[in-house]
Amino acid sequence: MAVDADRGEQGHDVLVFVPSLNDVDRLGEISQAVAAALPLARLLVVDDGSTVPIDRRILGVDDLLVRLPTNMGLGVATHVAIDHALAYGYQIMVRIDADGQHPMDAILELLEPLRADREDVVSGERLNPGAGNGGLMAGLVKGYFTLVSRLLTAGRSPADVNTGFMAMNRTAMSILNGTNLYRFPEPQIFLTLGRAGLRLAAHPIHQQPRRHGKTTLGWFQAMRLLYRFNVIALNETLGRRRRP
């Protein structure tokens, strides 16, 4: 694993983390939008083993790019971003997806409660989750994730635990840094932080339609996700699994 920039981190207090797997069409646009909205933020793109590695030239000169040698999953990519944020003194980390579905103008609304120390994590709660073309099966599975998360966190988890649009402070990052995040970690993140007693809030957003591809979830994939989530929920109940 290599970071292609060695410039200092001074002056940056927000790390904007973008995981990407064969999804590069919007990265240049996202880079420009982040630079315009958050002058004190730095963009970190984690290329999770794309078939054709991301071309560094589509990003801004101050952006960071980490290339993983193979597809290791979103959990590993998230740990890469958290490790970097904690090591270089970032106060807040924002996660956005590379497909352009997340509204960039909502980032400031996610940051404000964190800067005011009213919340530890703020997520984007999708008012139109169907924009992701998830289908009936995805809706049922995600609904189950939300129900279990809210039950096990005494209602601390947000109503949308599957969103990839979130911002968190160093307290939240430190807790996740000691947790073994799985390949699809969004519900696990909210479950873990809610169980830890952190302050979780949600800001309503309208997700943009998916421009490329389609999210599908068949019975086999659904059963795998349900099994893995139930293991995570049991681990959280009996004792959180730590990173090796």
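The values are calculated or read from the model by the stated rules, or taken from the named source; none is laboratory data. On a predicted model such as this, the values are computed, not experimentally measured, just so you know. Reconstructed Cβ throughout: ideal geometry from the backbone, glycine too, with neighbour counts over all protein chains shown.
For the stretch 192-224, the set of residues classified as modelled with pLDDT of 60 or more and among the polar types (S, T, N, Q) consists of 192, 207, 208, 221, listed by residue number. All of (1) over 15 Å from the mean Cα position of the chain (by Cα); (2) buried (at least 20 other Cβ atoms within 10 Å of the Cβ) hold for residue 151 with one exception: (2). Evaluating residue 43 against the criteria (1) part of a loop (DSSP other than H, G, I, E, B); (2) closer than 20 Å to residue 104 by Cα; (3) of a type outside the set (Val, Ile, Thr); (4) without any contact (Cβ under 8 Å) to a residue 40 or more places away in the chain leaves one unmet condition, (1). For the residues 77, 87, 36, 81, the requirement of being out of contact with any strand residue (DSSP E or B) (no Cβ under 6 Å at 6 or more places or on another chain) and at pLDDT 95 or above singles out 87. Considering only residues that are without any contact (Cβ under 8 Å) to a residue 60 or more places away in the chain and surrounded by fewer than 18 Cβ atoms within 10 Å (Cβ to Cβ), look in the stretch 58-69 and name the one that is farthest from the chain's Cα centre (by Cα). The extreme case among them is 61. Residue check: residue 45 meets all listed conditions (1) among the hydrophobic types (A, V, I, L, M, F, W, C); (2) under 24 Å from residue 170 (Cβ atoms); (3) touching a helix residue (DSSP H, G or I) at 6+ places or on another chain (Cβ under 6 Å) but one, namely (3).
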